[in-house]
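> Got a structure for you, written out below as structure tokens; questions coming shortly.
The values are calculated or read from the model by the stated rules, or taken from the named source; none is laboratory data. If you're wondering where the values come from, they're calculated on a predicted model, not measured in any experiment. Reconstructed Cβ throughout: ideal geometry from the backbone, glycine too, with neighbour counts over all protein chains shown. Just the protein is used for accessible areas: all its heavy atoms, side chains included, with ligands, DNA and RNA removed. Shrake-Rupley method; radii C 1.70, N 1.55, O 1.52, S 1.80 Å.
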Amino acid sequence: MTPFGDFIFFGLLLYAVVPTILLGLCGKAGSRWLLFVTLVMLAVQFGDDLAIRPGVEVRELWIVLGYAVFEGVVAWAYLRWKSRPCFWLALTAAILPLATSKVLPLVAAETVFGFLGISYVTFRAIDVVLCIHDGLIKQLSPGQYLAYLLFFPTISSGPIDRYRRFGQDWVRKRTRAEFLDDLDLAIARIFRGFLYKFIIAALLYSHWVTPLVKQRGFLAKLGLMYADTLYLFFDFAGYSAFAVGISHLFGIRTPDNFNAPFLSRNIRDFWTRWHISLSFWFRDHIYMRFQIAAAKGKWFAGKHTANYVGLFVTFGLMGVWHGLALHYILYGLYHAALLCGYDWFARWNKQTKRWGDGPWWRAGNIVLTFHAFAFGILLFNGRLTPHTPPLREEVVEKADCTEVIGYVWDRTQPGSPHAVDIYIDYGWVARVPANELREDLRDRGLGEGRLGFRFEVPSYVRDGHSHTIEVRLVGPNRELHGSPEVVACDR
């Protein structure tokens, strides 16, 4: 179940929120309660089975808990045997599960590993290892470490908290007045989250993004540049608002992730306002460490070379963190180039005073910064790079009382014929070849596009009752995505 993704999750969340409010009013909503609720909510969020391989399923919760135990052992072992070789070993081990989840599907088809949020949780695990290395963490409490690593409001998409900051809230005893302050902020952020994610973002996606995706040409790409940017902001900022609000309710004052980013006057200012927890994590743990190492080792002769190389290293890694696809890497390198260009321009303008500082100049800076970022979102979403066809897609697009429509694609067998079996009320009805020409699928790069199937539902189904329509792939005998479908048919 995706956190904050639908109203079912919020309904289940009430079982944790209501007791927390009652305990908080009595000054009893402390760290033990937080850890208990986190474990319960993890069971809710990761209660489904994960298909690691075809026919091999594992409860996702066991993967999450196993990951937490592994990272805990790495951190405690490094704390116990702290040395330079152990540091590199611990850092490598902390990154290993995330690296495996990224690389494994590329080298072993149809094999997956990981869970929703493994990237964000890995950043927390690395933060602990680095803080131990810097001497900022002297001991680890098992309960605090587990709660920090897997804190349920922020596990899937952040914000990325820091262990020492989290620890201050973990040991803090809230008074009734402090709880009421946190409750007030929580309510405000939760309402903001509903406005951003379920109203504005939903409207943008359905009425702007979706229609433009189906179009081709320069104007469609230009429209998507704005549509994708605004949708991404309101969707992600809405999720972050939920996470921050629920965190405060449980006494963890998770930092904000956004601060009016579209009012930024330059790209450097933008990255202090957008996805703040991520950009500051990379700044502190990658960029600054690179600068210190470069200065100590005298790696570069140029005055500004270390800064520029550090930016490309930092944002290149940020791109790889999002994914190994070309468009993610280009996105990271693009922002590194923007920041290097701005640094050069700022120094040039300081000497020449060619670029002014009045209100119209500032407005122009804001407009330019927004467009520079929006163009980057086209890169981020893969709108400007060739699409790699998915490994497999087996989809029922429509199933009602008149017809069943869908398609079957398998990149490993692009020219092999496919067929589907149609079942109505769990009884076999027909076998239909999936070889109908679909130009939209061909335009997406799915072979020659002869992948579609269409089946006319028999008239006896339209009897005024509900029926179950199921579509299964011939051979593997697995259900297609979108199947089964229960339909109510009029006479």
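> For the range 452-491, which positions are among the aromatic types (Phe, Trp, Tyr) and in a strand (DSSP E or B)? Break it down into steps so the answer makes sense when it comes.
Keep residues of the range 452-491 that are among the aromatic types (Phe, Trp, Tyr), which gives 453, 455, 460.
Selection gives Phe453, Phe455.
> Now for a different question. Within the range 400-411, is even one residue within 21 Å of Gly475 (Cβ to Cβ) and among the charged types (D, E, K, R)?
First pass over the range 400-411, keeping only residues within 21 Å of Gly475 (Cβ to Cβ): 404-411.
Still in the running and among the charged types (D, E, K, R): 410-411.
Checking the range 400-411: at least one residue is within 21 Å of Gly475 (Cβ to Cβ) and among the charged types (D, E, K, R).
> Here's another thing I want to ask about it. Of everything in the range 106-149, what is surrounded by 17 or more Cβ atoms within 10 Å (Cβ to Cβ), small (Gly, Ala, Ser) and not in a loop (DSSP other than H, G, I, E, B)? Give them in sequence order.
Answer for the range 106-149, where residues must be surrounded by 17 or more Cβ atoms within 10 Å (Cβ to Cβ), small (Gly, Ala, Ser) and not in a loop (DSSP other than H, G, I, E, B): Ser119, Ala125, Ala147.
> Which pairs turn up if I take residues in the range 78-94 that are under 20 Å from Arg124 (Cβ atoms) and look for partners that are small (Gly, Ala, Ser) and buried (at least 17 other Cβ atoms within 10 Å of the Cβ) with beta carbon separation below 8 Å, at least 6 apart in sequence or on another chain?
Tyr78/Ala90; Ala90/Ala75; Ala94/Ala75; Ala94/Ala125
> Identify all residues within the range 327-364 that are open to solvent by 60 Å² or more (accessible area, probe 1.4 Å) and in contact (Cβ under 8 Å) with a residue 60 or more places away in the chain; write none if there are none.
Arg362 - this is the single residue of the range 327-364 that is open to solvent by 60 Å² or more (accessible area, probe 1.4 Å) and in contact (Cβ under 8 Å) with a residue 60 or more places away in the chain.
> Are there any pairs with C-beta distances below 6 angstrom linking a residue in the range 123-152 that is in contact (Cβ under 8 Å) with a residue 40 or more places away in the chain to a residue that is among the charged types (D, E, K, R) and open to solvent by 10 Å² or more (accessible area, probe 1.4 Å), with the two at least 6 apart or on different chains, and if so which?
So the pair list comes out as Asp127/Arg162.
The rows are residues; the columns are (1) farther than 30 Å from Phe87 by Cβ; (2) at pLDDT below 95; (3) of a type in the set (Asp, Glu).
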residue: Thr2; (1), (2), (3): yes, yes, no
residue: Tyr15; (1), (2), (3): yes, yes, no
residue: Leu39; (1), (2), (3): yes, yes, no
residue: Asp48; (1), (2), (3): yes, yes, yes
residue: Arg59; (1), (2), (3): yes, yes, no
residue: Leu65; (1), (2), (3): no, yes, no
residue: Ala75; (1), (2), (3): no, no, no
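> Is one or more of the residues making up the range 402-414 open to solvent by 70 Å² or more (accessible area, probe 1.4 Å) and under 30 Å from Phe262 (Cα atoms)?
Looking through the range 402-414, none of the residues is open to solvent by 70 Å² or more (accessible area, probe 1.4 Å) and under 30 Å from Phe262 (Cα atoms).
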